[in-house]
Amino acid sequence: MDPFAQAHLSELLASARNGPPVPSVDSVEHKSRTMMTFGAALAALKGVGAVSQEEMAEWTNRMLVALGEEPLEPLPPGTARLISFGGKRTQRPQRPPDPPPVSKFLRLVPADEPDRALEYGGRIQILGVELYSDKVSVNWRLAPLPDPQALFAEELAQQEPDLEGLSDDFKKILRDKLMHQLQMRRQSVGLTDDVGTEFRQTGGGSGGGGGERRGHSDLAPGVPSTAMLLTVHWDEMEFVIPLPSVRDAP
């Protein structure tokens, strides 16, 4: 197989294993679109002689496995197959949702706990939480940074068969791209309080350099006025933050 074609297909497979970019995306629709894109890429590569018919079948099965489906049996020569995924599609809304109300900042609550070691290298520190009327923003710091090879060992192992036969330089580029994508998508932060509020991830961001990274993770809804404790979860770790009794005071 042409190495550039193999590199492109391996990237598509790695992306498929990561799942949809937004968890709320319909899984059937995501699988269908992913398979359609992959099939078009295979057809284009076959058209320029970069992959053979046998390689098309092999890599199609690799994509099916990456999407959580069973591989297909080979077809007789000269025949074709239409791949579809069952399930009921979600009905699209008839009109766009109403815009959310303006988010009101209430208070910054610092966290008075030292940093902790991570099992995959590096250390994590929860700096504090920003309380808003409709969300909580958790501020965190990684220093030194975790070892991505240890953090994403399982994902890198899944990618390894797709890179077989490529040069070391090609492999390094594709591994680095995968680790970067995984780092951008990874959601380490969770949140609970002492009144049972169900928080969900809504966004965030980070940046850094010099061996450290600072970021924030946003979770909704806002904390109820009756809550007295917030617990920030980073993987299996817990950081407990007592809340002031009056959170809307200036």
Practice problem: Within segment 178-201, track down each residue that is buried (at least 16 other Cβ atoms within 10 Å of the Cβ) and under 15 Å from ALA16 (Cα atoms). | Solution: LEU178, MET179, GLN181, LEU182
Quiz prompt | Members of segment 45-70 that are out of contact with any helix residue (DSSP H, G or I) (no Cβ under 9 Å at 6 or more places or on another chain) and either surrounded by fewer than 13 Cβ atoms within 10 Å (Cβ to Cβ) or within 14 Å of GLN6 (Cβ to Cβ) (or both) | solution = GLY47, GLY49, GLU54, GLU58
Quiz item: Of the conditions (1) under 22 Å from SER15 (Cα atoms); (2) touching a strand residue (DSSP E or B) at 6+ places or on another chain (Cβ under 7 Å), ASP168 fails just one. Which one is it?
Solution: (2)
Self-check item: Breaking point among (1) without any contact (Cβ under 8 Å) to a residue 40 or more places away in the chain; (2) in a loop (DSSP other than H, G, I, E, B); (3) not aromatic (Phe, Trp, Tyr), for VAL223
Solution: (1)
Exercise. Among what's in segment 53-92 and is over 13 Å from SER27 (Cα atoms) and hydroxyl-bearing (Ser, Thr, Tyr), pick the residue that is modelled with the highest pLDDT.
Key: THR60
Self-check item: Test set (1) modelled with pLDDT under 90; (2) more than 28 Å from VAL102 (Cβ to Cβ); (3) among the charged types (D, E, K, R) - GLU212 fails condition number
Solution: (1)
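The values are calculated or read from the model by the stated rules, or taken from the named source; none is laboratory data. None of the values given here were measured: they were computed from a predicted structure. A quick note on method: Cβ atoms are made from the backbone with ideal geometry, for glycine too, and the neighbour counts reach across all protein chains shown.
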